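Worksheet: the structure to be examined is printed underneath.
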Amino acid sequence: MVLKLDQSIAAVYGCDQKTTVVRPLFFSGVSAGFPSPADDYIDRMLDLNELLVPNPAATFFVRVAGDSMTGAGINHDDILVVDRSLEPTNGKIVIAAVQGELTVKRLIKNEMVCRLVAENPNYSPIELSEESECEVWGIVTSVIHQF
């Protein structure tokens, strides 16, 4: 099946994990309110590949286009880390192929309904039925947002 990208996805990239990205991880957190006299103690080294890509063979990166998921902290041009090996469960943010087009939405699924919901009130949910051409392509596990 050839998939197209809808307005919510700009590009899909594979994961090439030939190198490691290991950086110091500070033991203490960073205060978002008043500054704290926190120790600048390094707890351990953090490998960004280990944190963001626990399953390289099933991991892809997807660049976001548009504003349908801003309520979930996903903005235009963000990079989503997507794991295709995870099970789609209720409430997860997913990349779904709807009628051959990839889109990013929150999956709402129970005995009564199955729908893909934007996190922006300007977008209507996509109601799914047994006849709908929809496949969950992967589960969003992280968002990379650059300033």
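The values are calculated or read from the model by the stated rules, or taken from the named source; none is laboratory data. A quick note: this is a predicted structure, and the numbers were derived from the prediction, not measured. Virtual Cβ from ideal backbone geometry, glycine too; neighbours counted across all protein chains shown. All accessible areas refer to the heavy atoms of the entire protein, side chains included, with ligands and DNA or RNA removed. Shrake-Rupley method; radii C 1.70, N 1.55, O 1.52, S 1.80 Å.
Keeping to region 95-127, report how many residues are closer than 18 Å to residue 68 by Cα and out of contact with any Phe, Trp or Tyr (no Cβ under 8 Å at 6 or more places or on another chain).
At the first step, the residues of region 95-127 found to be closer than 18 Å to residue 68 by Cα are 95-98, 101-108, 115-127.
Now narrow it down to the ones that are out of contact with any Phe, Trp or Tyr (no Cβ under 8 Å at 6 or more places or on another chain): 98, 101, 103-108, 115-127.
Of the residues in region 95-127, 21 are closer than 18 Å to residue 68 by Cα and out of contact with any Phe, Trp or Tyr (no Cβ under 8 Å at 6 or more places or on another chain).
Residue by residue through region 126-146, note down the ones that are under 18 Å from residue 81 (Cβ atoms) and of a type outside the set (Val, Ile, Thr).
Filtering region 126-146 for residues under 18 Å from residue 81 (Cβ atoms) gives 136-146.
137, 138, 142, 145, 146, listed by residue number.
For region 61-74, the set of residues classified as part of a loop (DSSP other than H, G, I, E, B) and open to solvent by 50 Å² or more (accessible area, probe 1.4 Å) consists of 67 only. Within region 113-133, the residues that satisfy the criterion of being farther than 17 Å from residue 88 by Cβ, open to solvent by 100 Å² or more (accessible area, probe 1.4 Å) and out of contact with any helix residue (DSSP H, G or I) (no Cβ under 9 Å at 6 or more places or on another chain) are 122, 131. Cβ separations smaller than 9 Å between residues 6+ apart or across chains give the following pairs from region 1-26 residues that are under 12 Å from residue 104 (Cβ atoms) to residues that are modelled with pLDDT under 75: 12/3; 12/5.
Residue 44 - would you say it is in a strand (DSSP E or B) and modelled with pLDDT of 95 or more?
Working: in a strand (DSSP E or B): yes; modelled with pLDDT of 95 or more: no.
The answer is no for residue 44.
On the stretch given as region 109-132, residues that are assigned to a strand (DSSP E or B) and either farther than 26 Å from residue 11 by Cβ or in contact (Cβ under 8 Å) with a residue 40 or more places away in the chain (or both) total 3.
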